[in-house]
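Each remark here refers to the structure printed beneath this line.
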Amino acid sequence: MLLPDWSVLNAGIDWLANGLWNLSWWEIVLYTLATTHITIASVTIYLHRHQAHRALDLHAIPAHFFRFWLWLATGQVTKEWVSIHRKHHAKCETIDDPHSPQSHGIKKVFWQGAELYRAESKNQETLSKYSQGCPNDWLERNVYTRYSWQGVGLMMIIDLALFGAAGLTVWAVQMVWIPFWAAGVVNGVGHFWGYRNFEAPDASTNVSPWGIIIGGEELHNNHHTYPTSAKFSVKPYEFDIGWGYIRLLEKAGLARVKKTVPRLQLGAIQPVANEKTLEALIAHRYEVMAGYARDLRRACKAEIAALKARQGDVSELESARRWLHRDADKVPAGAVPQLAQARAAHPVLDKMVTMREELRQLWLNTSQSREQLAADLAAWCHRAEESGIAALREFSIKLRAVRA
């Protein structure tokens, strides 16, 4: 009768319980968080900013590391991710958008975002149309694309070897990290809930001003406003950790930033708005309109304060204030009557909302010549400064100082 080799059995049990590293539970948690953060950094720096939008160039060393890591941690094929993301920008919020909560519903995108991604990855028309410039070397063709899911299998073996049975939990967390945070939170919540710095033509929002957990992708409205910028933060209180990593790579000579958010420049105040003013307005339209929105909010705050001083009812204006600076097609149908009533009761706000739309039409109107648009801008500034509304006058004077 053969007796079991107890030393081998005990070693096997010890490996299942502790793995090769024999770490405590909190050390395993730290390892898991560190590896998932590397995955997030790989997605935002390599796939998103470098490959999809060409906002920076990466040296071969970090580029190959990110490709290898994504193969291990996600099984991600660069060509598929880039194609689907570029199509998302090209068809944003339409039925052809691969993962818009505005067309597919927030519940579906949040909980089934990965399934939507996988379905679109089988669309060969999408891949052929939007994959220009993606890597197509021997490694990409024969390893990362051909054996895409063998990478995550290797990661499971590594986790099991290092942590024993607990490695399965580590691996499971690593596997759901990107589907949850990227496909669910960024693609879902980032087009449904949050704050907006800029009135971008889509429904994008900033989920949080501190881009740490998702590598800076939390600042989604900023990204959709300036998609080719390597830096996602634009306000002093915003933080983009992905940009911090890019700056470190740049200082080490391993990256070259190609573009960031254009900054509004002010020069001498022109006597009359001219073609140069028009050019600067169009180039910086989102920042200019963000400034207009701030002035409109301040005017609304002053109206509310005046109403309170007269002991008037401020509920209607309080309800409408969040929509005064929004484009008409971004105002929910339920808020339209309240907004109309608030504007009718407050002529100053009505005038500012009306002139905001007139200013916006200057870069939407493609049928007019450059000379005619410049003349329209000059006329707009004249009317703003003669309106008797201090906020409009100050905005117009500042607008005449904008330069490209």
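The values are calculated or read from the model by the stated rules, or taken from the named source; none is laboratory data. Please read all numbers here as calculations on a predicted model, not as lab measurements. Don't worry about glycine lacking a Cβ; one is built from the backbone with ideal geometry, like all the others, and counts go over all protein chains shown. Note: areas computed on protein heavy atoms with side chains; ligands, DNA, RNA excluded. Shrake-Rupley method; radii C 1.70, N 1.55, O 1.52, S 1.80 Å.
Tabulated values for the structure
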read-out: Span-rule helices in the chain, defined as complete DSSP H runs reaching 30 Å or more along the axis (Cα) with Kyte mean at least -1.0; value: 285-309
read-out: Cα gyration tensor shape for segment 57-190, rounded if a/c is under 1.5, else prolate or oblate; value: oblate
read-out: Computed lengthening from Lys122 to Ser148, 0.36 nm per intervening residue step minus Cα-Cα distance; value: 7.9 nm
read-out: Nearest-10 value in Å² for the accessible area of Thr35, using the 1.4 Å probe; value: 10
read-out: Shape category assigned to segment 126-206 from the gyration tensor of Cα positions, a/c cut at 1.5; value: oblate
read-out: Dipole magnitude of segment 91-151 about its Cα centre (Cβ charges: Lys, Arg +1; Asp, Glu -1), debye to nearest 20; value: 180
read-out: Nearest-0.05 FRET efficiency for Asn136 and Leu16, computed from C-beta distance (R0 41 Å); value: 0.45
read-out: Mean ellipticity per residue at 222 nm, deg cm²/dmol - from DSSP H runs of n ≥ 4 across the chain, formula -39500 (n - 2.57); value: -17500 deg cm²/dmol
read-out: Extreme residue, positive dipole direction of the chain, given options Trp363, Ile158, Ser208 (C-beta unit charges); value: Trp363
read-out: Heavy atoms of Glu238: accessible area, 1.4 Å probe, square angstrom to 10; value: 10
read-out: Among Ile282, Phe198, Thr94 the positive-end extreme of the charge dipole of the chain (Cβ point charges); value: Ile282
read-out: Gain in span if fully extended, Glu316 to Phe68, counting 0.36 nm per residue against the direct Cα distance; value: 83.7 nm
read-out: Accessible heavy-atom area order of Val314, Val173, highest first, probe of 1.4 Å; value: Val173, Val314
read-out: Dipole in debye (nearest 20) - the chain, about Cα centre, beta carbon charges: Lys, Arg +1; Asp, Glu -1; value: 960
read-out: q = 0.14, 0.21, 0.31 Å⁻¹, segment 113-169: log10 I(q)/I(0) [Debye, one scatterer per Cα]; value: -0.60, -0.93, -1.12
read-out: For segment 318-392 and segment 12-66, distance of Cα centres in Å; value: 48
read-out: Cα principal axis extents for the chain, largest first, Å; value: 104, 51, 39
read-out: Set of aspartates and glutamates with alpha-carbon distance to Lys330 below 20 Å, sequence-local pairs under 8 removed; value: Glu93, Asp96, Asp97, Glu199, Asp202, Glu287, Asp295, Glu316, Glu318, Asp350, Glu357, Glu358
read-out: With DNA, RNA and ligands ignored, accessible area of Ser103 (1.4 Å probe; Å², nearest 10); value: 40
read-out: Cα shape, segment 335-389, gyration tensor, a/c 1.5 rule; value: oblate
read-out: Given charges at beta-carbon only (K, R positive; D, E negative), |dipole| of segment 275-404 in Debye; value: 400
read-out: Cα centroid of segment 128-158 to Cα centroid of segment 217-261, whole Å; value: 26
read-out: Theoretical FRET efficiency, 1/(1+(r/R0)^6), r = Cβ-Cβ of Leu9 and Thr94, R0 45 Å, to 0.05; value: 0.15
read-out: Interchain or long-range residues, amide H under 5 Å from Gly75's placed H; value: Val152
read-out: Difference of contour (0.36 nm per residue) and Cα-Cα distance, Leu23 to Asp327; value: 104.0 nm
read-out: Residues with amide H under 5 Å from that of Trp210, placed H, sequence gap 5 or more; value: Phe239
read-out: Apportionment of accessible area to carbon and sulfur, the chain, percent (1.4 Å); value: 61
